Amino acid sequence: MKKLFALCLIVALLCAAAVAEEAPVRVGTLKGATTIGLVELMDRAEKGDTDVPYAFEMGTADAFMAQVVNGEIDIVTIPANAAAIWYNKLQGAVRVIDVNTLGVLYMVAAQDGIASMADLKGRTIASTGKGTTPEWILRSLLTANGLGDGDVNLEYKSEAAEVMQALATGAADLGLLPQPFVTAACAKNDQLRVVLDLTEEWNKAFPNSRLCTGVTVARTAFLEERPEAVAAFLADHAQSAAFANEHPAEAAELVVAAGIVENPAVAEKAIPKCNIVCLAGEDMKAALSGYLAALFTIEPSAVGGALPGEDFYFGA
């Protein structure tokens, strides 16, 4: 009887381990370009057509940070500079596994006379993303072009719709928005147009770095516990990002289904401008480290007060 009990216990433990191994990879995504490169994977996961199961959740970076601390989520797409802040604040509890978007920020306006960063002097700019990528990229570019805080009036809004409202009412001269919301804003207001591409401006100001808007991070504990699941995710992410770039019309339908934008025509038009990528390993490190170093030079707090250590770059 004792032998039978021991055998049953062993079987139960083995079964429990098997179930745990098949536990879904919990992925948090933001509403925007960083998720467009995942919509094909999200669709396959919902259909059960992936080698590992996934559970996707769309939310905010702040909420995801709390979930990371509590071990409630495994992989998260967040602004590039936020990844460095998390790494420093959480003492290495997260590592970056890929860059998912390069430059997606654009300045839009309904008025003429704006052709360079210098033309922003004296203007009111409405923007989303206070404390994250949009703010730090804009501040870095202003500083690099000899403009200080007192030279422009920055007004931060909680979402893209508020930026559009500020432009419509004349409360702001310009709006700083990421794709696909730039395309959506211009579609709703035919007076708006892109006046500055911040990727182009970044390349002029910081020619030795690449503008990285979004990255994907994973809990360090998860990387150690389920390396095969991380490898599967990276392969799936690369496939999904390629699908978005190569099949924008089909991807646009999935973008709408995911609740990122409402109009598939707008999504299809925006996708080629979202700079969707899946850079991993050395390519990721080369792109991201230069970007973080440029931010650190301008404002150390933008990356959490210190540049991340070498272990921050998974697989590099």
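The values are calculated or read from the model by the stated rules, or taken from the named source; none is laboratory data. Computed from a predicted structure; not experimentally measured. Reconstructed Cβ throughout: ideal geometry from the backbone, glycine too, with neighbour counts over all protein chains shown.
Annotation note: of Val215, Val182, the sole residue that is in contact with a strand residue (DSSP E or B) (Cβ under 6 Å, 6 or more places away or on another chain) and either free of Cβ contacts under 8 Å to residues at least 60 places away in the same chain or not in a helix (DSSP H, G or I) (or both) is Val215.
If only residues of segment 69-87 that are in a helix (DSSP H, G or I), modelled with pLDDT of 95 or more and touching a helix residue (DSSP H, G or I) at 6+ places or on another chain (Cβ under 7 Å) are counted, the one that is surrounded by the fewest Cβ atoms within 10 Å (Cβ to Cβ) is Ile85.
Of all positions in segment 218-225, at least one carries a residue that is part of a strand (DSSP E or B) and among the charged types (D, E, K, R).
This table checks each residue for (1) of a type outside the set (Val, Ile, Thr); (2) within 17 Å of the chain's Cα centre (by Cα).
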| residue | (1), (2) |
| --- | --- |
| Ile260 | no, yes |
| Asn263 | yes, no |
| Val277 | no, yes |
| Glu282 | yes, no |
| Ala294 | yes, no |
| Ala302 | yes, yes |
| Leu307 | yes, no |
| Asp311 | yes, no |
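Residue under question is Thr133, and the condition is that it be modelled with pLDDT under 90 and within 20 Å of Glu201 (Cα to Cα); does it hold?
On the way: modelled with pLDDT under 90: yes; within 20 Å of Glu201 (Cα to Cα): yes.
Yes; evaluated as a whole, the condition is true for this residue.
For the criterion of being in contact (Cβ under 8 Å) with a residue 60 or more places away in the chain, part of a loop (DSSP other than H, G, I, E, B) and small (Gly, Ala, Ser), Gly290 fails. Restricting attention to segment 1-34, report how many residues are modelled with pLDDT of 95 or more and either farther than 18 Å from Gly71 by Cβ or among the hydrophobic types (A, V, I, L, M, F, W, C) (or both). Residues that pass the stated criteria total 3.
In segment 87-114, what residues are under 20 Å from Ser140 (Cβ atoms) and of a type outside the set (Val, Ile, Thr)? It would help to see each step written out before you state the result.
Within segment 87-114, the subset under 20 Å from Ser140 (Cβ atoms) is 87-88, 96, 99, 101-108, 114.
Hits for segment 87-114 are Tyr87, Asn88, Leu102, Gly103, Leu105, Tyr106, Met107.
Within segment 202-214, the presence of a residue that is at pLDDT 95 or above and buried (at least 21 other Cβ atoms within 10 Å of the Cβ) is excluded.
Among the residues of segment 50-67, which ones are assigned to a strand (DSSP E or B) and either crowded, with 16+ Cβ neighbours inside 10 Å or modelled with pLDDT under 95 (or both)? Don't jump to the end; show me each part of the working.
To start, the set of residues in segment 50-67 that are assigned to a strand (DSSP E or B) comprises 54-58.
Scanning segment 50-67 gives Tyr54, Phe56, Met58.
Condition check for Ala306 on (1) buried (at least 16 other Cβ atoms within 10 Å of the Cβ); (2) outside any helix (DSSP H, G or I): one failure, at (1). Selection of segment 229-282 for residues being acidic (Asp, Glu) and at pLDDT below 95 yields only Glu262. Among the residues of segment 173-192, the ones that are out of contact with any Lys or Arg (no Cβ under 9 Å at 6 or more places or on another chain) and charged (D, E, K, R) come to 2 in all.
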